[in-house]
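Structure record follows, encoded as structure tokens.
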């Protein structure tokens, strides 16, 4: 809003015009300045000649026959493409969006990173993902997850700008508590986010109980070591009071054994994140472990374990005082693992 006010002031226009334009863009979702009917015609024409509205057009939409999950491939103005997903839950519609075209973090289970990072998305492009999905379904988006293609902390400034705008009461006004930002673990950025006054949920891509195993799965772990990453997460919790989510992709024969689960529980308890068994007088704990059976991609050898193995892993965590759930698998029949549809679209 402040930037818009400055731009309108430089044009010699009244300050209240900024609020009108902001409302058209972020509440009404208009795509053309000509539709802003309460603006003078001369201003609409000037805006049209000097500015552009970022519009996200779906090139492909896939709908799961299993659970109604909708996956979008958005074609960008520069010829690139990204993905976003709409998932319907009892508590509301959740949208998972991308923050970059591709990703440079190299996680071995993720298709988004196979071609590296092409570029960052702007805050406008991230907003457009949410706006277009809401427009397509005609339903309100109540939850947003930055867990699609890209590492949000690697595009920090634009992600924070997006977060401030998506939570702005003059726009969609989605509660910060209904927004999750996922990261592979960049300690300096995690600490910085803790001071932004944005009480979003932080989700750490953990995926392994030891530094060595984590480096095997996530090459970025060679740069940002587990002790400093967990220390930054603890700092985030202390500054914001927001319980952390630890994402753990369970891979057959790689990190799925009971010993792996015991090592993970030991790590989290040792670092002070445990204590979920309130029946025994314990506190709820700072974290929640989200177990995700890996969604196989054709370019990697990783396979998903059977359900019984994942449930056994979960029980070891719970028995050791760690709150853990198994993520409901959604949209598997439409290649919903990050980056799969984008790569297929680009190849085609």
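Could you check region 1-93 for helices (runs of 4 or more DSSP H) lying wholly inside it with 2 or more residues that are within 24 Å of residue 133 (Cα to Cα) and within 26 Å of the chain's Cα centre (by Cα)?
16-23
I'd like the full set of residues that are part of a helix (DSSP H, G or I) and surrounded by fewer than 19 Cβ atoms within 10 Å (Cβ to Cβ), limited to region 98-123.
Correct list: empty.
Go through the residues of region 138-149 one by one and say whether even a single one is out of contact with any helix residue (DSSP H, G or I) (no Cβ under 6 Å at 6 or more places or on another chain) and part of a helix (DSSP H, G or I).
Scanning region 138-149, I find no residue that is out of contact with any helix residue (DSSP H, G or I) (no Cβ under 6 Å at 6 or more places or on another chain) and part of a helix (DSSP H, G or I), so the answer is no.
Before we move on, is residue 169 in a helix (DSSP H, G or I) and surrounded by fewer than 21 Cβ atoms within 10 Å (Cβ to Cβ)?
no
Assess whether residue 153 counts as being assigned to a helix (DSSP H, G or I), touching a residue at least 24 places away in the same chain (Cβ under 8 Å) and under 12 Å from the mean Cα position of the chain (by Cα).
Spelling it out, residue 153 is indeed assigned to a helix (DSSP H, G or I), touching a residue at least 24 places away in the same chain (Cβ under 8 Å) and under 12 Å from the mean Cα position of the chain (by Cα).
Of the conditions (1) part of a loop (DSSP other than H, G, I, E, B); (2) under 20 Å from residue 162 (Cα atoms), residue 224 satisfies every one except a single condition; which number is it?
(2)
May I ask you to list the residues in region 68-93 that are surrounded by 20 or more Cβ atoms within 10 Å (Cβ to Cβ) and without any contact (Cβ under 8 Å) to a residue 60 or more places away in the chain?
Those that are surrounded by 20 or more Cβ atoms within 10 Å (Cβ to Cβ) and without any contact (Cβ under 8 Å) to a residue 60 or more places away in the chain: 74, 86.
How about region 179-214: which of its residues are within 21 Å of residue 143 (Cα to Cα), out of contact with any helix residue (DSSP H, G or I) (no Cβ under 8 Å at 6 or more places or on another chain) and without any contact (Cβ under 8 Å) to a residue 60 or more places away in the chain?
Correct list: 197 only.
Values quoted throughout were computed directly from the atomic coordinates according to the rules given, and no laboratory measurement underlies them. If you're wondering where the values come from, they're calculated on a predicted model, not measured in any experiment. For neighbour counting, all protein chains shown are included, and Cβ atoms are generated from backbone atoms with ideal geometry for every residue, glycine included.
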